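Notes follow once the structure below has been shown.
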Amino acid sequence: MGKSVVRDEYLAVPMAGHDPYWWWLDARTGWRDALLDKVEQVGEALALSPALGSGRFLAEGSGSFGGLALPANVAIGPNGAIYLLDLQGVQLKRFDPCECRFEVVPCIAGRGTGVRQLLDPHGVGIMGGNIYICDSGNRQVKVFSLYGFALRTILTPPKSSPLYKTWQPYGVTFDSRGCIYVSDPANGMVHRFAPSGRMLEPSWEGLAAPTYMVMSCDGLLYVLATGDDGKPAVVVLDGEGAIVPSRSAKRPSEAAQYFPTLLFPVDAQGNIYLGALCAEDAPDETKVCPPTDKGRRDRGAKEPPVRGVFDSSGNPISVPPAPIEPAYDLEGYYYSMPLDSEIYRCQWHKIMLYGEIPAGARLRVWTYTAETEQTSDTLQSLPATAWATGQVATSLIGGKWDCLVRSDKGRYLWLKVQLRGDGSATPRITGMRVEYPRISLSRYLPAVFMFEPTSADFTDRFLSLFDTTLRSIEGIVDTQARFFDPDSTPSLEEGSERDFLSWLASWIGLTLDRHMPVQRRRQFVKKAARLYQIRGTREGLRRQLMLYLGIESAPGDERGGVVNRNSNDNDGEKSCSCACGTQPGREPVTCRPKPLNCAPPPTPPVWEPPPLILEHFQLRRWLYAGASKLGDQSVLWGKSIVNRSQLDENSQVDRSQLITTQDPVRDPFHVYAHKFTVFVPAWVEKDARYRHGLEKLLETEAPAHTLADVRYVQPRFRIGVQSTIGFDSVIGCYPRNTALGDGPLGEASVLSSRRPSTGGPAIQIGKSSRIR
């Protein structure tokens with residue numbers, strides 16, 4: 001049994017200047033294999049158990065398993081559409097968020113025995129673009145496509161099987177491999193079908209009238225069946241159809257950790273609450289419906305008290321039923337397993353409880369110590385006088401409460417916590433901390449104060465008031481160093497009340513941009529001192545851009561290069577190696593000298609980040625390929641740099657300007673030498689926060705005499721437009737073909753169809769495409 005402690009390997013017992021050791025008990029540690037009496041774990045906390053017959057249960061008739069899953073007649077499609085099977089009206093309905101109501105899907109032909117008709121339907125499920133409907137009356141599972149609602153197939157046992165005429169499909173669910181599970185209450189079985197529709201053998205037997213089912217996140221099947229007492233019960237099956245006793249649960253709180261959170265609430269009657277998904281109630285960024293009142297309810301109609309609540313038939317409910325609040329037991333107990341201090345005659349120090357205590361509830365703590373480990377039976381038979389401490393907590397200040405351990409010295413400690421409530425409320429414990437041994441301030445007093453046991457106990461309890469205050473100050477001092485480390489100092493984005501990261505940056509004269517992610521801001525502060533040495537230079541600005549864009553560099557590589565070593569880099573020198581002896585799993589080899597003509601080992605490929613910055617003074621020669629020659633006819637600088645007037649050459653009205661400043665010979669330097677271009681990925685332009693942050697970075701970090709131009713690089717390579725190698729050219733995969741009518745034509749769209757066997761263009765006007 002491990003401890004959450006860090007011990008000094010040279011000290012058996014902490015001395016002055018050291019904090020006590022401690023045990024930590026919570027849901028992650030399993031509460032140290034505790035014994036619970038009318039207490040259960042709800043989420044991450046311990047609380048009183050709901051009274052018998054109150055609250056919600058897994059075995060609810062709607063098949064929602066206490067609100068952990070969708071009702072058995074509701075399913076969600078791959079595009080987020082919500083489908084509901086009206087069992088009374090025998091209709092399939094789809095939720096329309098624009099109108100906030102369920103619309104009837106016209107492709108299901110109602111009640112009957114036809115191919116598209118249903119008779120006494122029950123469960124429904126969606127997988128792989130298909131909707132599965134358990135048609136119990138017709139003894140079929142009908143599979144319709146969600147796109148056009150064409151009938152894809154019908155699942156039934158083979159005609160040669162005796163189940164063909166007796167099975168009764170009731171509930172349906174799926175596993176991660178795409179297999180279909182169908183419950184059969186008439187035969188007490190769960191049938192399995194492969195994704196292809198073939199029935200798998202054998203079926204799982206031994207269940208009493210199984211109805212609805214749901215698959216948990218860890219692949220266990222929860223089945224609603226009939227228990228031994230004749231009441232509904234939930235049975236959990238593993239991948240082989242065997243019952244998992246450790247998962248037996250009655251309440252949703254006991255199984256909530258094994259299921260994902262639903263998109264919308266479901267009450268005990270199977271009503272669904274979709275108000276948050278309606279267009280008028282949804283946040284602006286999630287609205288998908290046009291802002292129009294066409295087709296909506298009349299403006300003069302009375303607004304219902306609650307909007308977006310629907311019953312099991314998809315009909316709106318104006319006043320939903322009141323939620324079922326559980327009634328709790330009045331009293332429950334928590335017994336810890338023995339906590340071992342490994343210290344002879346250890347004086348246990350303090351107990352701290354974390355959680356909440358509502359009005360009408362309280363906690364009481366007892367402790368028992370001994371030098372030898374006691375059995376649980378002995379612990380249960382102890383008289384009440386053997387338990388000490390007995391402190392009562394009626395409220396938690398700041399979410400925690402503490403008390404001194406009043407038990408005698410002993411190596412082992414047992415903890416007993418009583419939870420009490422008034423029936424409508426329960427205390428909740430999220431964690432417990434037991435500290436040991438007691439390091440009292442009495443060590444600084446004369447020995448006479450600790451001579452008599454009763455006086456010594458009073459002195460310890462009195463000084464513990466000051467000890468708690470001093471230790472809280474010591475705790476702040478012990479952790480103060482984290483405020484001066486860029487990797488650990490708190491930030492507002494991480495839940496801190498103060499932005500110590502910006503405060504730390506101000507120490508070195510650095511102003512952080514709030515648009516940057518917090519981790520990149522930490523990197524800026526961490527590397528600011530090194531960047532200050534080259535501030536105002538091209539390399540300094542480039543490194544800041546790399547930090548801002550998240551282009552990581554290899555450890556110790558100041559140039560920002562990342563070395564990617566191939567696992568087969570040494571393949572070329574295998575024949576030139578010298579190996580002796582025997583290697584595990586290989587035949588013995590003999591040692592041979594390396595040949596004299598061995599080639600040097602291949603150089604591992606090195607990825608260099610892009611330069612990002614192009615200084616315009618480097619553009620020295622503007623010549624066009626195929627149109628210029630080096631010599632007298634080549635022009636070193638273009639004439640259009642400044643567009644000066646030159647007599648008998650280019651002086652024309654509306655085509656030249658009169659400029660009398662600077663020197664015509666050095667015009668290229670005057671115009672371009674102080675300019676530079678920054679090339680960044682195109683995603684920066686699409687994100688307003690990053691775009692503004694980039695502009696602010698260039699404004700503050702670029703030299704004062706320079707002018708920056710930002711170019712957003714798209715993933716393409718276009719001759720004459722975007723083709724500067726190393727700066728704005730990106731070579732990637734060939735663009736995906738775009739069929740006519742599927743998307744807009746643009747720079748990255750490629751129209752294509754099957755290439756004709758005779759060769760030639762893939763798209764031909766009048767053949768396979770049209771121009772409108």
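Rounded to whole Å and sorted largest first, list the principal axis extents of the Cα atoms in segment 190-243.
So the three principal-axis extents are 38, 22, 17 Å.
Quick one: which residues, 5+ away or cross-chain, put their amide H under 5 Å from the amide H of TRP22? H built at 1.01 Å from N.
It is TYR436, by chain and number.
Between ASP33 and ALA51, what is the spin-label point distance in nm, taking each point 7 Å from the Cα along the Cα→C-beta axis?
Label-label distance for ASP33 and ALA51, simple model: 3.6 nm.
For the pair GLU539/PHE617, report the inter-label distance in nm, with labels modelled 7 Å from Cα in the Cβ direction.
1.7
Taking R0 as 35 Å, what's the FRET efficiency between ILE551 and VAL244 from their Cβ-Cβ distance, rounded to 0.05?
On the way: r = 49 Å, r/R0 = 1.41.
For R0 = 35 Å, the calculated efficiency reads 0.10.
Quick check on packing: order 332-341, 397-406 by the mean number of other C-beta atoms within 10 Å, highest mean leading. Let's see the in-between values first.
Numbers: 332-341: 19.8, 397-406: 15.4.
Listed from highest to lowest mean packing, they are 332-341, 397-406.
If you take every residue apart from SER336 with its C-beta less than 9 Å away from the C-beta of SER336, what net charge results, scoring Lys and Arg +1 and Asp and Glu -1?
Working: positive: ARG32, LYS416; negative: ASP33.
Computed value for this residue: +1.
If a paramagnetic tag sat 7 Å from the Cα of GLU371 along the Cα-Cβ line, which residues of segment 426-464 would have the backbone N under 13 Å from that point?
none
Report the full-extension gain for the segment SER488 to ASP218: residue separation times 0.36 nm, less the Cα-Cα distance, to one decimal in nm.
Values: separation 270, 0.36 × 270 = 97.20 nm, distance 3.50 nm.
Length gained between SER488 and ASP218: 93.7 nm.
Based on the alpha-carbon set only, what is the convex hull volume of segment 331-420 divided per residue, in Å³? Intermediate results must be reported in sequence, preceding the final value.
On the way: hull volume 8.4 nm³, N = 90.
Hull volume normalised by residue count: 93 Å³.
Tell me, what is the FRET efficiency for THR700 and TYR444 to the nearest 0.05, using R0 = 45 angstrom and their Cβ-Cβ distance as r?
Working: r = 55 Å, r/R0 = 1.23.
E between THR700 and TYR444, to the nearest 0.05, is 0.25.
Run through segment 415-469 and list the chymotrypsin sites (Phe, Trp or Tyr not before Pro) located in a DSSP loop whose Cβ has at most 16 other Cβ atoms within 10 Å.
Working: sites: TYR444, PHE449, PHE451, PHE458, PHE462, PHE466; in loops: PHE451.
For chymotrypsin sites (Phe, Trp or Tyr not before Pro) across segment 415-469 that sit outside H, G, I, E and B with at most 16 neighbouring Cβ atoms in 10 Å, the list reads PHE451.
Using 1/(1 + (r/R0)^6) with R0 = 51 angstrom and r between the beta carbons of ALA673 and GLU497, what's the FRET efficiency to the nearest 0.05? If you can, show how the numbers build up before the last one.
Details: r = 50 Å, r/R0 = 0.97.
For R0 = 51 Å, the calculated efficiency reads 0.55.
Rule-based calculations on the coordinates, nothing more; no lab input. Quick caveat: nothing in here was measured; it's all calculated off a predicted structure. Here Cβ is always computed from backbone atoms with ideal geometry, including for glycine, and neighbour counts include all displayed protein chains.
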